[in-house]
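A quick write-up on the structure given underneath.
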Amino acid sequence: MQNWMMDLNRVLLDCAGYTELAGRMQNWLTKHGCGNIYLFMNPDIFMSENMDALPELPEDTYQTEGYPEEMALVYPPLNGTNRLHLNLKEILSLPQTEATRGQNIYQFCPLHFREREIGFLIITNCDYLLEHQFLFETLNALQTSMEALYARLTLRKMNKQLSQLYIHDSLTGLYNRMAYEKLAMPLFHQCMQEKRPVGIMFVDADHLKYINDTFGHDMGNLAISSIASVLRQHCPAESVSIRYGGDEFVCVIPDYDKQKIQELAHTLLNSLEVFSANSRVGFPIEASIGWVIADDPDLTLNDYINLADEKMYSAKKARKAERKI
């Protein structure tokens, strides 16, 4: 029996998802004379199989008393992406809907992570397990494997969240300088290799020193985050927008030509003007923008950023001259 259970644990512990785990359990039980199985799970726990798609980890994944009103049918899998959800009464009546030639015995087994409910496993004709007193050990192996899988999925999600925090600026929500090498440079190099043009935009907040000195640094942060908000709103999803310095931003935009980036710069400035007019904070929220189109693979991303920075500085000087006039 010990070798039998060790083999079962080995088969189950390296599964990537609950459906795969249940499928392996079905194959294992079939070899030992058992019939079909049905695995129902708490939908909140089952959704951890798609943990990467969740915005954040669920805080109350487990229930310690009772069961949810409905459970997800994990196995056998249905065709398509929709999962069948049944209430407890429907689950208990499921054997009556199974088309068979003879009589079957159904074992309904509640599943738990210690005191926390997982769902139900229904095993058809598990005489072998009962006769050899393997049922308890089999269920324990399944529950242990499911808990280990949930722990791996949760850890992967937490690591992904930490990675996102590592490359994001906490004030603006944009990428930070750490994302320059991780995201911006690979994107730039890929476009250069594929001979695709890249728009490089340099954005700098105007009169930030005046805002900080006159209204305080909280208002300066408001100006910075407001500019970042406009960038997030209008820059394409495939672009990489970085808070490059305290009040400086760099946007790397693939497949952008001169016309597209001119239109984007115009849109950003107009949006900032409207935003500033509606903010009523006592100071204008403005920025200067410089841009270039990267199409020469002999120049580096840093070269193009410096060129865009020079153009931004020229635009800033021109705006100051207009204000004096």
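The values are calculated or read from the model by the stated rules, or taken from the named source; none is laboratory data. In this text, all values refer to a predicted model and were calculated from it rather than measured experimentally. All Cβ positions, glycine included, derive from the backbone under ideal geometry; neighbour counts span all protein chains shown.
Table: residues versus (1) crowded, with 19+ Cβ neighbours inside 10 Å; (2) acidic (Asp, Glu); (3) not in a loop (DSSP other than H, G, I, E, B).
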site	(1), (2), (3)
THR214	no, no, yes
VAL230	yes, no, yes
GLY246	no, no, no
VAL252	yes, no, yes
TODO: Kindly indicate whether any position in the stretch 259-279 is in contact with a Phe, Trp or Tyr (Cβ under 7 Å, 6 or more places away or on another chain) and in a helix (DSSP H, G or I).
DONE: yes
Task: Index of the failed condition, TYR150 passing every other in (1) of a type in the set (Phe, Trp, Tyr); (2) part of a helix (DSSP H, G or I); (3) assigned by TED's automatic domain parsing to the domain that holds TYR256 - done: (3)
Task: Test set (1) more than 27 Å from ALA148 (Cβ to Cβ); (2) under 38 Å from the mean Cα position of the chain (by Cα); (3) at pLDDT 75 or above - ILE105 fails condition number - done: (2)
Task: Failed criterion for PRO68 (all others in (1) in a loop (DSSP other than H, G, I, E, B); (2) at pLDDT below 85; (3) surrounded by fewer than 17 Cβ atoms within 10 Å (Cβ to Cβ) hold) - done: (3)
Open item on the list: Given the criteria loosely packed, with under 12 Cβ neighbours inside 10 Å, farther than 23 Å from TYR128 by Cα, modelled with pLDDT of 70 or more and not β-branched (Val, Ile, Thr), does ALA53 qualify?
Closed with: no
TODO: Run ALA179 past the list (1) assigned to a helix (DSSP H, G or I); (2) over 26 Å from GLN262 (Cβ atoms); (3) small (Gly, Ala, Ser); (4) under 21 Å from the mean Cα position of the chain (by Cα) and report the number of the one that doesn't hold.
DONE: (2)
TODO: Filter the stretch 113-147 down to the residues that are modelled with pLDDT under 85 and part of a strand (DSSP E or B), then identify the one that is farthest from GLU69 (Cα to Cα).
DONE: PHE113
